[in-house]
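Derivation of every value follows stated rules applied to the coordinates shown; laboratory data play no part. Source: prediction; values computed, not measured. A quick note on method: Cβ atoms are made from the backbone with ideal geometry, for glycine too, and the neighbour counts reach across all protein chains shown.
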Amino acid sequence: MAKRNRLEIIRDILFIIRENHSIKPTPLLRKSNLSSFRFKKYYLELLNKEFIKETYRKNKQISLTEKGSKYLEKYSTIINFIDEFEL
Amino acid sequence: MELITGRIIGQGLGQGLGRLMELGIETEIIYSFVIIVCSLMIYFGTKELYGLSSHKGIKYFRQSFLFFALAYFFRSFIKIILLYFGRNELINFLPIFGSITLFIFMYFSSMAIFYLLYSVMWKKWDTNSKKIYLFHLLALVIAILSILFRNPFIYFSINFLLLFFVIFTFHISRNQSKEKKRKQGLHIIYTLLFLFWVLNIMDILIPKFFKTFQLFIYLTSSGIFLAMLYKVLKKVGTN
């Protein structure tokens, strides 16, 4: 299996969250197929960019923001653009 | 009678063609407007894609067109002043103001091309991400040399060495690329963009160098930028 690039990893993480509506950090780490070090790096990036948000009920839950949904919606446009201009 | 009529028609056509080839302030304004608007539309049209992806390639691509817009703004500024006062060289006419304007124009136009090259090459060069600072330094050196040595031969040498470097690097990189499908159309557009960028610079640095072909250069340059804008808008979408 080819190594995923940064944009693919972000898409996969956001996709998992969307599929589950909201998810706890540990199952998300497991399902994202990343080392905990890399997962933490991406997780913080997604929080900083406001693609995901943390909510607290009994436990910490992660859910998608509007910006995160927009990323998933625009993902194929971004990839096509990068491919078209060989960026 | 027929001979006289023929001569009058011939003179009329000649004058008309001559007037068409003599480009005035209006043509400069329209030309600059087309290039600046195309560049800014590319810059702002890709804002959302960069905002979402933070992709370095998109970043350098956008910056390239921002620098194109700035460079063409200063280019049109120089051209309009020269046309308005009927002068050939800005530095001889307004030494300090002319030097500063020419310096800014040369720096922005060099950086526009370097950013475009970097947008395609960054993945190969990113082992040393400070390379972009090297390009800023090189653009500064080019701008300083353009002001210090006011010699057409020096201008010609610097710009064609640069053109050779940019096209050579671009083509070598593409030939080494393992990508299965390479975009032939993009390849041609980038090569023409690099070539006409140098012709536009030469047009400013060496007065009346391309007088006969100026309209052709303007139309082709506008066509290249419009083609780039079309490709960008087609990919980005209109929403």
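Could you work out the relative contact order of chain A? I mean the mean sequence separation of Cα pairs under 8 Å and 6+ apart, divided by the number of residues, in percent. Each step should come with its number before you reach the end.
On the way: 73 pairs, mean separation 26.2, N = 87.
Contact order relative to length: 30 percent.
Can you check what the net charge comes to around B:SER32, using other residues whose Cβ is under 13 Å from the Cβ of B:SER32 (Lys, Arg +1; Asp, Glu -1)? If you can, show how the numbers build up before the last one.
Numbers: positive: B:ARG75, B:LYS79; negative: B:GLU26, B:GLU28, B:ASP203.
Net local charge, B:SER32 excluded: -1.
With a ≥ b ≥ c the root eigenvalues of the C-alpha gyration tensor of the protein assembly as shown, is it rounded (a/c under 1.5), prolate (a/b larger than b/c) or oblate?
On the way: a/c = 2.72, a/b = 2.25, b/c = 1.21.
It comes out prolate by the Cα gyration axes.
Over the Cα atoms of segment A:6-84, each weighted equally, I'd like the Debye log10 I(q)/I(0) at q = 0.19 Å⁻¹, rounded to two decimals.
At q = 0.19 Å⁻¹ the computed log10 ratios are -0.77.
Taking 0.36 nm per intervening residue step and subtracting the Cα-Cα distance, what contour gain separates A:THR26 from A:LEU44 on full extension?
This chain segment gains 5.0 nm when fully extended.
Can you check what the net charge comes to around B:GLU48, using other residues whose Cβ is under 10 Å from the Cβ of B:GLU48 (Lys, Arg +1; Asp, Glu -1)? Please list the in-between numbers first.
Details: positive: A:LYS70, A:LYS74, B:LYS47; negative: none.
Local charge sum for B:GLU48: +3.
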